[in-house]
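Asks: Below: one structure in structure tokens.
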Amino acid sequence: MHCGFVALIGAPNAGKSTLLNKMAGAKLSIVSPKAQTTRMRILGIVMRQQTQILLMDTPGIFKPKRKLDEAMVSAAWTGAVDADITLLLIDTIYGLTEENIEIINKLKETSRRIWVVFNKIDKINTQKLLPLTEEITALLPIEKSFMVSAKTGSGVDDLLDALAEDLPKGPWLYPEDDLTNLPDRLLAAELVREQIFMQTHEEVPYSVTAETESFKERPDGSVRIDVTIYVLRANHKAIIIGDKGQKIKMIGERARKELNRLLERPCHLFLIVKERKGWDGEKARLKAIGLE
Ligand code: GDP
Ligand code: K
Ligand code: MG
């Protein structure tokens with residue numbers, strides 16, 4: 001038996017959550033084209049050749065502006081420190097950006113073993129990767145590098161095989177058929193937040209946190225889930241509710257469909273929106289989303 005922690009580290013939108021989901025073969029972490037969609041560390045549990053690979057998705061690394069940002073970035077670095085192997089994800093569309101150079105400089109201090117994963121190769125000419133690999137190895141000692149498309153899955157099997165072979169001997173830390181450490185009530189809140197990231201714009205998604213207030217199994221096998229959406233400002237509340245409640249209805253419908261699929265039973269999802277100034281500085285709110 002082998003078992004070990006693997007952290008996914010990288011700039012916002014490098015594709016960390018998409019890769020986690022692809023490697024786990026299930027949607028565990030929410031994805032959107034917007035930076036800072038992922039706020040907490042989510043563990044994906046992948047069994048491969050008698051190895052339990054504990055994959056840690058992390059928030060992207062960026063310059064923190066507020067308390068929530070600080071907690072997110074610090075969650076990402078804690079992931080790197082705890083890991084047996086750190087996968088540094090590079091979005092090959094952009095290559096070695098300033099952001100990546102800063103991450104690389106800090107990785108030198110936090111991580112012992114670093115593998116580079118070049119992502120989004122479905123979008124580029126892979127010949128461009130040779131000079132990019134050279135640039136990176138000049139800055140950072142890396143053990144291995146991989147080319148993948150988290151979206152199409154190309155290269156992902158090779159990466160999983162390499163991890164399975166490399167992780168240390170040790171007992172499995174989770175039951176064999178567990179997929180994640182994320183509780184269902186947190187998953188429900190995350191799926192609501194994902195829809196808000198997909199369906200609202202500018203500063204609105206960053207104004208939002210979602211918390212599951214109650215999660216009740218019904219005798220007929222379905223489940224009733226009540227989620228509260230907190231926003232920082234009254235006008236954001238109005239935007240999320242939308243004209244005649246159209247927006248909140250759409251958010252609820254799409255999140256419910258995903259929930260039905262992931263929880264494998266009918267879900268009744270009830271959403272309410274509340275204005276709560278300064279939630280992003282409150283300890284209790286940060287704790288509720290797995291930060292702090
Ligand atoms: P994260 O912020 O690093 O977790 O990135 P996400 O997983 O949320 O992905 C950010 C965006 O990049 C989303 O729109 C994804 O669909 C897209 N994306 C991720 N991986 C790939 C890939 O391999 N190819 C392409 N074309 N897009 C990708
Ligand atoms: K994202
Ligand atoms: Mg993410």
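Asks: Going through T228, T209, T200 one at a time, which residue ends up being β-branched (V, I, T) and within 28 Å of W77 (Cα to Cα)?
Replies: Details: T228 fails: within 28 Å of W77 (Cα to Cα); T200 fails: within 28 Å of W77 (Cα to Cα).
Answer to the check: T209.
Asks: Report whether or not A188 is over 30 Å from L130 (Cα atoms), among the aliphatic types (A, V, I, L, M) and touching a strand residue (DSSP E or B) at 6+ places or on another chain (Cβ under 9 Å).
Replies: Details: over 30 Å from L130 (Cα atoms): yes; among the aliphatic types (A, V, I, L, M): yes; touching a strand residue (DSSP E or B) at 6+ places or on another chain (Cβ under 9 Å): yes.
When the stated conditions are applied, A188 passes them.
Asks: A follow-up question, please. What's the number of the only condition in (1) exposed (fewer than 14 other Cβ atoms within 10 Å of the Cβ); (2) closer than 25 Å to A284 by Cα; (3) not aliphatic (A, V, I, L, M) that E217 fails to meet?
Replies: (2)
Asks: What are the residues in the range 162-192 that are in a helix (DSSP H, G or I) and buried (at least 20 other Cβ atoms within 10 Å of the Cβ), if any?
Replies: Initially, the range 162-192 is screened for residues in a helix (DSSP H, G or I), giving 162-166, 184-192.
Listed by number, the residues that qualify are L163, L186, L187, A188, A189, E190, L191, V192.
Asks: If you don't mind, there's one more thing I want to ask. If I61 meets every condition in (1) of a type in the set (A, V, I, L, M); (2) within 12 Å of ligand 1 (Cβ to nearest atom); (3) touching a residue at least 60 places away in the same chain (Cβ under 8 Å) apart from one, which number is that one?
Replies: (3)
Asks: Here's a check for you: in the range 1-48, which residue that is among the β-branched types (V, I, T) and over 24 Å from E264 (Cα atoms) is nearest to ligand 1 (Cβ to nearest atom)?
Replies: Looking only at the range 1-48, we keep the residues that are among the β-branched types (V, I, T), and these are 6, 9, 18, 30-31, 37-38, 42, 45-46.
Narrowing the set further to residues that are over 24 Å from E264 (Cα atoms) leaves 6, 9, 37.
On the way: V6: 15, I9: 10, T37: 5 Å.
Once the filter is applied, the top-ranked residue is T37.
Asks: Among the residues of the range 125-140, is any among the β-branched types (V, I, T) and closer than 25 Å to L43 by Cβ? Steps first, answer last, please.
Replies: Residues of the range 125-140 among the β-branched types (V, I, T): 126, 133, 136-137.
Pick out the ones that are also closer than 25 Å to L43 by Cβ and you get none.
No, every residue in the range 125-140 fails to be among the β-branched types (V, I, T) and closer than 25 Å to L43 by Cβ.
Asks: Any residue at all in the range 102-111 that's closer than 24 Å to K63 by Cβ, among the acidic types (D, E) and away from ligand 2 (no atom under 16 Å from the Cβ)? Steps first, answer last, please.
Replies: First pass over the range 102-111, keeping only residues closer than 24 Å to K63 by Cβ: 102-111.
Restricting the remaining residues to those that are among the acidic types (D, E) gives 102, 109.
From what is left, the residues that are away from ligand 2 (no atom under 16 Å from the Cβ) are 102, 109.
Yes, that holds for at least one residue.
Asks: Output the residues belonging to the range 81-103 that are surrounded by 20 or more Cβ atoms within 10 Å (Cβ to Cβ) and either free of Cβ contacts under 8 Å to residues at least 12 places away in the same chain or closer than 21 Å to T133 by Cα (or both). Walk me through it before giving the result.
Replies: First, pick out the residues of the range 81-103 that are surrounded by 20 or more Cβ atoms within 10 Å (Cβ to Cβ): 83, 85-92, 100, 103.
Within the range 81-103, I85, T86, L87, L88, L89, I90, D91, T92, N100, I103 qualify.
Asks: Let me ask you something else. State the number of residues belonging to the range 221-255 that are of a type in the set (D, E), free of Cβ contacts under 8 Å to residues at least 40 places away in the same chain and farther than 21 Å from V31 by Cα. Outline the logic, then answer.
Replies: Residues of the range 221-255 that are of a type in the set (D, E), as a first pass: 226, 243, 253.
Now narrow it down to the ones that are free of Cβ contacts under 8 Å to residues at least 40 places away in the same chain: 243, 253.
Remaining after also requiring farther than 21 Å from V31 by Cα: 243.
Residues meeting the conditions: 1.
Asks: For the condition modelled with pLDDT of 95 or more and more than 14 Å from ligand 1 (Cβ to nearest atom), what is the one hit in T86, T78? Explain how you work it out, then say what you get.
Replies: Working: T78 fails: modelled with pLDDT of 95 or more.
When all the criteria are applied, what remains is T86.
Asks: Residues in the range 8-17: is at least one at pLDDT below 95, near ligand 2 (Cβ under 10 Å from one of its atoms) and hydrophobic (A, V, I, L, M, F, W, C)?
Replies: Within the range 8-17, not a single residue is at pLDDT below 95, near ligand 2 (Cβ under 10 Å from one of its atoms) and hydrophobic (A, V, I, L, M, F, W, C).
Asks: Tell me whether the range 257-272 contains one or more residues that are among the acidic types (D, E), crowded, with 17+ Cβ neighbours inside 10 Å and within 22 Å of N21 (Cβ to Cβ). Quick ask: steps written out before the conclusion?
Replies: Here is the first cut: in the range 257-272, the residues among the acidic types (D, E) are 258, 264.
Remaining after also requiring crowded, with 17+ Cβ neighbours inside 10 Å: 258.
After this cut, where a residue has to be within 22 Å of N21 (Cβ to Cβ) as well, the list is 258.
Yes - at least one qualifying residue is present in the range 257-272.
Asks: Out of the range 32-49, which residues are in contact (Cβ under 8 Å) with a residue 40 or more places away in the chain, within 16 Å of ligand 3 (Cβ to nearest atom) and not small (G, A, S)?
Replies: Of the range 32-49, the ones in contact (Cβ under 8 Å) with a residue 40 or more places away in the chain are 32, 34, 36-37, 39-49.
Now restrict to residues that are within 16 Å of ligand 3 (Cβ to nearest atom): 32, 34, 36-37, 39-44.
Hits for the range 32-49 are K34, Q36, T37, R39, M40, R41, I42, L43.
Asks: Evaluate the following for Q52: is it of a type in the set (S, T, N, Q), more than 12 Å from ligand 3 (Cβ to nearest atom) and not in a helix (DSSP H, G or I)?
Replies: Details: of a type in the set (S, T, N, Q): yes; more than 12 Å from ligand 3 (Cβ to nearest atom): yes; not in a helix (DSSP H, G or I): yes.
The answer is yes for Q52.
The values are calculated or read from the model by the stated rules, or taken from the named source; none is laboratory data. Remember, predicted model here, so these are calculated numbers, not experimental data. Virtual Cβ from ideal backbone geometry, glycine too; neighbours counted across all protein chains shown.
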